[in-house]
1. For the stretch B:204-260, which positions are in contact (Cβ under 8 Å) with a residue 40 or more places away in the chain, surrounded by fewer than 24 Cβ atoms within 10 Å (Cβ to Cβ) and among the charged types (D, E, K, R)?
2. What pairs can you find where one residue is in the stretch B:310-339 and over 18 Å from B:VAL438 (Cβ atoms), the other is among the basic types (Lys, Arg), and their Cβ atoms are less than 6 Å apart, with a gap of 6+ or different chains?
3. For the stretch A:461-471, does any single residue satisfy the condition of being crowded, with 21+ Cβ neighbours inside 10 Å and closer than 21 Å to A:LEU363 by Cβ?
4. Criterion first (buried (at least 24 other Cβ atoms within 10 Å of the Cβ), in a helix (DSSP H, G or I) and touching a Ser or Thr at 6+ places or on another chain (Cβ under 7 Å)) does B:LEU47 satisfy it?
5. Among strands (runs of 3 or more DSSP E) lying entirely in the stretch A:55-118, which contain 3 or more residues that are closer than 26 Å to B:ALA516 by Cα?
6. Determine which member of the set A:VAL329, A:VAL316, A:VAL342, A:VAL302 is within 14 Å of another protein chain (Cβ to nearest Cβ) and surrounded by 24 or more Cβ atoms within 10 Å (Cβ to Cβ).
7. B:ALA227 - would you say it is farther than 28 Å from A:ILE564 by Cβ, outside the structural domain of B:PHE441 (by TED's automatic domain parsing) and in a loop (DSSP other than H, G, I, E, B)?
8. Just to be sure before I move on: is A:LYS31 away from chain B (no Cβ under 12 Å), within 27 Å of the chain's Cα centre (by Cα) and surrounded by fewer than 23 Cβ atoms within 10 Å (Cβ to Cβ) in the structure I sent?
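The values are calculated or read from the model by the stated rules, or taken from the named source; none is laboratory data. Just so you know, these numbers come straight off a predicted model, no measurement behind them. Cβ placement follows ideal geometry from the backbone for every residue including glycine, while neighbour counts extend to all protein chains displayed.
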2 protein chains.
Amino acid sequence: MPQLRIALAQVNPTVGDLDGNSALTVAWTRKAAEAGAHVVVFPEMSLTGYPVEDLSLRKTFAEASRKSLEILARRLDEAGCGDVLTYVGYLDLDEEGPRDAAAALYRGEVVARQFKHHLPNYGVFDEHRWYKPGTTLDVVRLHGLDIGMVICEDIWQEGGPISALGRAGVDLVVAPNASPYERAKDDVRVPLIARRAAEAGAPLVYTNQIGGQDDLVFDGDSLVVGADGTVLARAPQFVEHLLVTDLDLDAGGHVTDGALDGLHVRRRVLGEEPLPAYEPLTGSVVSEPLSDEAEVWSALVVGLRDYVHKNGFSSVVFGFSGGIDSAVVAALAADALGGDNVYGVSMPSRYSSDHSKGDAADLARRIGAHFRVEPIEDMVRVYVDQLKLTGLAEENVQARARGMLLMALSNLDGHLVLATGNKTELAVGYSTIYGDAVGAFAPIKDVFKTHVWHLARWRNAEAEKRGETPPIPPNSITKPPSAELRPDQLDTDSLPDYALLDDILDDYVEGDRGYADLLEAGFEPETIDRVVRMVDKAEFKRRQYPPGTKITFKAFGRDRRLPITNAWREGKA
Amino acid sequence: MPQLRIALAQVNPTVGDLDGNSALTVAWTRKAAEAGAHVVVFPEMSLTGYPVEDLSLRKTFAEASRKSLEILARRLDEAGCGDVLTYVGYLDLDEEGPRDAAAALYRGEVVARQFKHHLPNYGVFDEHRWYKPGTTLDVVRLHGLDIGMVICEDIWQEGGPISALGRAGVDLVVAPNASPYERAKDDVRVPLIARRAAEAGAPLVYTNQIGGQDDLVFDGDSLVVGADGTVLARAPQFVEHLLVTDLDLDAGGHVTDGALDGLHVRRRVLGEEPLPAYEPLTGSVVSEPLSDEAEVWSALVVGLRDYVHKNGFSSVVFGFSGGIDSAVVAALAADALGGDNVYGVSMPSRYSSDHSKGDAADLARRIGAHFRVEPIEDMVRVYVDQLKLTGLAEENVQARARGMLLMALSNLDGHLVLATGNKTELAVGYSTIYGDAVGAFAPIKDVFKTHVWHLARWRNAEAEKRGETPPIPPNSITKPPSAELRPDQLDTDSLPDYALLDDILDDYVEGDRGYADLLEAGFEPETIDRVVRMVDKAEFKRRQYPPGTKITFKAFGRDRRLPITNAWREGKA
């Protein structure tokens, strides 16, 4: 059977950086050429990064993307990679509108270009806003083999271009993707790709983007699946990687031009001669997927690292309170940027406990972070005295004095400020706007409180396994959580127990279940009522929160966009 | 020719408030009945308010909306309005998904329901995310007349349901709408509706929502247009209004059930007998549209008023700096809420000029606002001394001390905080995050600086015409703008002259023009470069800004959603 060596370039482009992403494409195609690959497949919109959001609608950007593609084709040829058939994603524009496009480059030329057919418009995707759908199937014949392509969502839809390619009789399908990470998504993705390969009757090469982009993170996990559904190659998650594998392909009949299932098949013949037989690579290229905890931790680390670096920062500053949230954020930041780029500030007030200050210092020692103590007593005193503050106003001033202090240090030293709030707090609005919500990025914004504890224990255990110092002070994990904004305050004064609260939130937010469902699940009516009202009222606060890495199906922000002015109360009607 | 009395209920529903909006529908239908109307038309999704955003996807909400519709039909009958054919908008849900729906209610029953066909997915609309399109045309025969309906966007698209209704031969078309305000939109809307009425070959009854919803404001401007394109009736803008008019209709042939242009025509006969001849109402019901300035001012007043009231507040607090922005916001707030609900705070620092303090006090006197002076010197001093702040860090601390002070007063007294920044500042990022960006609402967020001055002069002139005290201190209009965060600072130290800056921003932001276009328009390359870089870098700041009433085509936020992490620089490629 005809052979072909395929490379999957699982890269981390930067949104909007056409020059940088072009250079990245040349560098990785050269690596693929050096590895003897005949075809290399980059992710969806690899030249622009994904998602570019409303930048898609900007004509000058689309034109620059088109121009970059032509230049890239020539550059690849000049770099000696012209004979490697290179699939890249880019933004196209024609008289109908912008297009999510992929092109095949060969010997200095664009030899095929196809537009995405299915435009997802749910969850984090707004592609009906950005793109017009394509109607062609562009097939390239190389070394006597017909190679078809589909883009991302095209493989998530029943029927459509994959089954058309199957009927057209292609020998291989390449699928550039930018599929955002979500917990346990691979449990869905791998069987789906296997099914599509079977429908296409040909191996499927699925290259996914890696890296962080605002609130999204891409895990890679690129795959090659045989026509029988077998996983032939699999890249590691959350790292840039060149996955190279040899395929023995069934050269079927030749694909012909023409209409098929309402799609227009356009083919381009580059070469009819099969490759002379060669010695295939040996050894397994099937990486093991990460455990659930390692996957989430990696997502949070990569999301944080890329947000900081891609925005031109190298260091972060935030409050070390001694509590579990800031401890986990610190451990993530140290893993992402190195402890030397983490600046912790303990900002004790009159209500701060001794153990808080001690745990904060302990945290800094464990992860090798910079650490300083800046009491907020004097700032708070001026406000309380001048404005005669009491109660909530006095509590909030403490949180805001801290936010202001961190922003001042950021202005002085150029660190990016992190907000340390978790998803549970965000859900119920248990945070102070312009206080603990201050920051350019919120690493654990999409992690429920009970999950924060779980990750802390897991990360410490991993360190112990490796003979390293566990990064998180055990005391921060075990003590009862408190905002310490008034004497002897505990989170449980204002909120149900976190295990119960997260259970309800999981049903109400992630599961989109209603009042009646929650009752049926056995929760107390008063507790449901209390939680649901808190969640429904907190939309303004949530919108003011900085972005943070999405790891669930229903992350606040992109996935769930409620009106602020909203009189609806679940259970009321 | 058969007569029919039509009422357009141009109402202000509250998003999510099914009970309140039902009560509103009953009250206004009763008014229509008292006015002798045979048909009353409410706006699009009048029962839920528009837009409900991702609340559309919540099954419990959609089910509550469906249930409310059935109850409403019975309530109208019980209220003695059963014989008025009542068109209301609501959210429906079936096995395919949620629907933007309108229903006709008659004698306690839902006699017709139709789903919106064209789902806009651009600008402020994300309807492909929220709804599935409809495929039916539901025609009701009342008093021997065939009445068809279309929903909002259906009239903005060429062809589609309107021309199908024309071919079906209906005698009247009703069009429930929720069409957000935008400057000079009526210049487009009125001729469009006239054209559609001609296509339908029947008069068109266009009822639009009024009122504010987060960043959107609806202007009403409901219309009845004859089949020949004549405007027969027109409601005033930005107020709730019942527009009642008599029509002489051409009773054409009878509409029949069946397929038409891919749509399924379903009809329901309520009565074949034409009405006995009656004496029509006399007098013109064609309101004059507002001037451009009055229109914008009303939009800003209504947007602010509804945001405050619908979120459960009655009063506002913000900084009175003596400058033009806070003066215009104060005048708007006084017009929206009454001066007695406006709390101005002068927060002088060591760099505040005497005229600033004087102008702030003058403003409060002019509009009858509460006024207090709270120096920030002591707060700033603690930060500057403890953290050794200089330069930008010192400037920002002043703005943040003010934001924190306003939030403390809000916490103490329950006022809603307003942010007073304008669109020019927002565009170029000339504001302090967590400083002057603090607030729950930003009334002039979508007004360019030169436009702020223009509105100030216009509002003062209007007051003079009416023999009232001009609300805005003339000195606030004429003095050169300054942030007063360091000695002798002027805005022009950091920014081009506002007239030039707004010119470029209008081209770059509103017009979506590129670097080459700007060069061609005659701007200096250095100035273009400087402005474009400022705009492209400010996305994070813009996202942190509170919502504010949209009055332009490209308001920041909804209309223009760029990635934060974004290496694209216009003109670079």
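1. Correct list: B:GLU240, B:ASP246, B:ASP248, B:ASP250.
2. Once the first residue is over 18 Å from B:VAL438 (Cβ atoms) and sits in the stretch B:310-339, its partners that are among the basic types (Lys, Arg) give B:ALA331/B:ARG459; B:ALA336/B:ARG305.
3. yes
4. For B:LEU47, the condition - buried (at least 24 other Cβ atoms within 10 Å of the Cβ), in a helix (DSSP H, G or I) and touching a Ser or Thr at 6+ places or on another chain (Cβ under 7 Å) - is not met.
5. Per the criteria, A:85-94, A:97-106.
6. A:VAL302
7. Yes; evaluated as a whole, the condition is true for this residue.
8. yes
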